[in-house]
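Asker: Below you'll find the structure I mean.
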Amino acid sequence: MPSLAYRGRAVTNFYGNYLAVEYSQVGPQYNSLANPYLVKNKREFSVSDKLKLLQNRLMLTMGYKHQDNDILTTVENLKTQNTISLGINALPGPGLPTLNFTYRSIDRDNGIDSLITLTDSTFTDNRENTHTNNVMVNINHRFDLIWSHSLSGTFVDVAKKDKFSDRADDFVDPAMSTQVINISLTTRYTIPLKTSFNFTANSSELSTGPGQRGTQDFLTTNFDTEYPFFKNRILGKVGLNYAQGSGLVDMSWIGFKSGLKWKIFDQFSVKIHGEYRSKKTGGFKKNTVIARANLEYSF
């Protein structure tokens, strides 16, 4: 039934074990007036299990999802995607850091395993068979050391590989890899001062054209401060931003910003913001000045 869409889900919860099984299908001729962007010609089956241990201080999540377009009997090339996921959430207790770990393995195949010959001397390579690993680790910790701090660290690693090794030299390689590290620190002082520091480093390797690959590194950091005046009726803000990129694109960017929020009445406030940016790319330098003023009324 190509014009039919349906979804079924079964859930069971026993002894801290939350198990869910789901099956859904959207036919290629199905039209939705509520969601015109709904993906058609898609069939999906998934199983997920969430297990709670140690009085909910440790949670394990496991899942499997299969997607394909095997709805019509006339399908020539069966497109499939299989995803395996694993998650670990550790919440030891007050005063201790929390840990989140997520792993995903994705296999994609478009059902084409041979080259398509166009003429005696030309051919096209439409094969797709890739494997992607996605790892994410996040640690959060609130602690007191002279002042009150909130520290967060995140690491992300994504690696996509092409399973076909007999590609032509001029083929655009779908393989890529990227690593991201983020560290943020928010501090509240004994005086009504709040500071926020954020650092992010990103390194990627990807295809830039037929038979060509390149790398791109980015480093961004920002430092912001907030200080209230007159019993929190005026909030002053000052910040500094910096970014640098190297590899395929060489650039640098620095910015200074300041502003305030004046709470005139309980529901009426004024926001004033000013910012200076200086950007340098490919030997060209561009300076920008931004000024904004907003009136806000809450009801």
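A quick yes/no check of all residues on (1) touching a Leu at 6+ places or on another chain (Cβ under 8 Å); (2) surrounded by 15 or more Cβ atoms within 10 Å (Cβ to Cβ); (3) free of Cβ contacts under 8 Å to residues at least 24 places away in the same chain:
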| position | (1), (2), (3) |
| --- | --- |
| 200 | yes, yes, yes |
| 207 | no, yes, no |
| 211 | no, no, no |
| 214 | yes, no, no |
| 231 | no, no, yes |
| 235 | yes, yes, no |
| 245 | yes, yes, no |
| 250 | no, no, no |
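Asker: Output the number of the condition that residue 172 fails; it satisfies all remaining conditions of (1) touching a residue at least 40 places away in the same chain (Cβ under 8 Å); (2) not in a strand (DSSP E or B).
Answerer: (1)
Asker: Still on this structure, please answer the following. Just one of 270, 249, 238 is more than 30 Å from residue 139 (Cα to Cα), in a strand (DSSP E or B) and aliphatic (A, V, I, L, M); which is it? First the steps, then the outcome.
Answerer: Numbers: 249 fails: in a strand (DSSP E or B); 238 fails: more than 30 Å from residue 139 (Cα to Cα).
Answer to the selection: 270.
Asker: As an exercise: evaluate residue 144 against (1) loosely packed, with under 14 Cβ neighbours inside 10 Å; (2) part of a strand (DSSP E or B); (3) touching a Phe, Trp or Tyr at 6+ places or on another chain (Cβ under 8 Å) and give the number of the one condition it does not meet.
Answerer: Of the numbered conditions (1) loosely packed, with under 14 Cβ neighbours inside 10 Å; (2) part of a strand (DSSP E or B); (3) touching a Phe, Trp or Tyr at 6+ places or on another chain (Cβ under 8 Å), the odd one out for residue 144 is (3).
Asker: Let me ask something else about it. With respect to residue 183, determine if the residue is farther than 30 Å from residue 112 by Cα and surrounded by 15 or more Cβ atoms within 10 Å (Cβ to Cβ).
Answerer: On the way: farther than 30 Å from residue 112 by Cα: yes; surrounded by 15 or more Cβ atoms within 10 Å (Cβ to Cβ): yes.
So residue 183 fits the description; yes.
Asker: Now for a separate question. Do we find that residue 162 is modelled with pLDDT under 90, surrounded by fewer than 14 Cβ atoms within 10 Å (Cβ to Cβ), under 26 Å from residue 64 (Cβ atoms) and assigned by TED's automatic domain parsing to the domain that holds residue 90 in this structure? Break it down stepwise before answering.
Answerer: On the way: modelled with pLDDT under 90: yes; surrounded by fewer than 14 Cβ atoms within 10 Å (Cβ to Cβ): no; under 26 Å from residue 64 (Cβ atoms): yes; assigned by TED's automatic domain parsing to the domain that holds residue 90: yes.
No, not satisfied.
Asker: Within the range 274-289, track down each residue that is closer than 30 Å to residue 232 by Cβ and free of Cβ contacts under 8 Å to residues at least 24 places away in the same chain.
Answerer: If we filter the range 274-289 for residues that are closer than 30 Å to residue 232 by Cβ, which is where we start, we get 274-277, 289.
Result: 274, 275, 276, 289.
Asker: For the range 242-282, what are the residues that are out of contact with any Asp or Glu (no Cβ under 8 Å at 6 or more places or on another chain) and farther than 27 Å from residue 199 by Cβ?
Answerer: Result: 262, 263, 264, 265, 266, 267, 272.
Asker: Right, next: Answer with yes or no whether residue 20 is among the small types (Gly, Ala, Ser) and exposed (fewer than 11 other Cβ atoms within 10 Å of the Cβ). Steps first, answer last, please.
Answerer: Values: among the small types (Gly, Ala, Ser): yes; exposed (fewer than 11 other Cβ atoms within 10 Å of the Cβ): no.
No; evaluated as a whole, the condition is false for this residue.
Asker: Here is a follow-up. Could you please find all residues in the range 267-290 being surrounded by 13 or more Cβ atoms within 10 Å (Cβ to Cβ) and of a type in the set (Lys, Arg)?
Answerer: Narrowing the range 267-290 to residues surrounded by 13 or more Cβ atoms within 10 Å (Cβ to Cβ): 268-281.
Listed by number, the residues that qualify are 271, 277, 279, 280.
Asker: Can you find a residue that is basic (Lys, Arg), part of a loop (DSSP other than H, G, I, E, B) and either at pLDDT 90 or above or loosely packed, with under 10 Cβ neighbours inside 10 Å (or both) anywhere in the range 49-69?
Answerer: As a first pass, look at the range 49-69 and keep what is basic (Lys, Arg): 50, 52, 57, 65.
Those left that are additionally part of a loop (DSSP other than H, G, I, E, B): 57.
This time we only want the ones that are either at pLDDT 90 or above or loosely packed, with under 10 Cβ neighbours inside 10 Å (or both), so: 57.
Taking every residue of the range 49-69 in turn, at least one turns out to be basic (Lys, Arg), part of a loop (DSSP other than H, G, I, E, B) and either at pLDDT 90 or above or loosely packed, with under 10 Cβ neighbours inside 10 Å (or both).
Asker: Further, regarding this structure: Only one of (1) loosely packed, with under 14 Cβ neighbours inside 10 Å; (2) of a type outside the set (Lys, Arg); (3) in the same structural domain as residue 158 (by TED's automatic domain parsing) is not met by residue 106, so which one is it?
Answerer: Unmet condition: (1).
Asker: Separate question: So which pairs qualify, if the first residue must be in the range 22-44 and under 12 Å from residue 68 (Cα atoms), the second must be assigned to a strand (DSSP E or B) and among the aliphatic types (A, V, I, L, M), the Cβ gap must be under 6 Å, and the two must be at least 6 apart or on different chains?
Answerer: Final answer for the pair search is 26/5; 40/26; 42/26.
Asker: So is residue 95 in a strand (DSSP E or B) and not basic (Lys, Arg) or not?
Answerer: Working: in a strand (DSSP E or B): no; not basic (Lys, Arg): yes.
Against the criterion (in a strand (DSSP E or B) and not basic (Lys, Arg)), residue 95 does not qualify.
The values are calculated or read from the model by the stated rules, or taken from the named source; none is laboratory data. Keep in mind the model is a prediction, meaning the values are calculated, not measured. In this analysis, Cβ positions are derived from the backbone assuming ideal geometry, glycine residues included, and neighbour counts consider all displayed protein chains.
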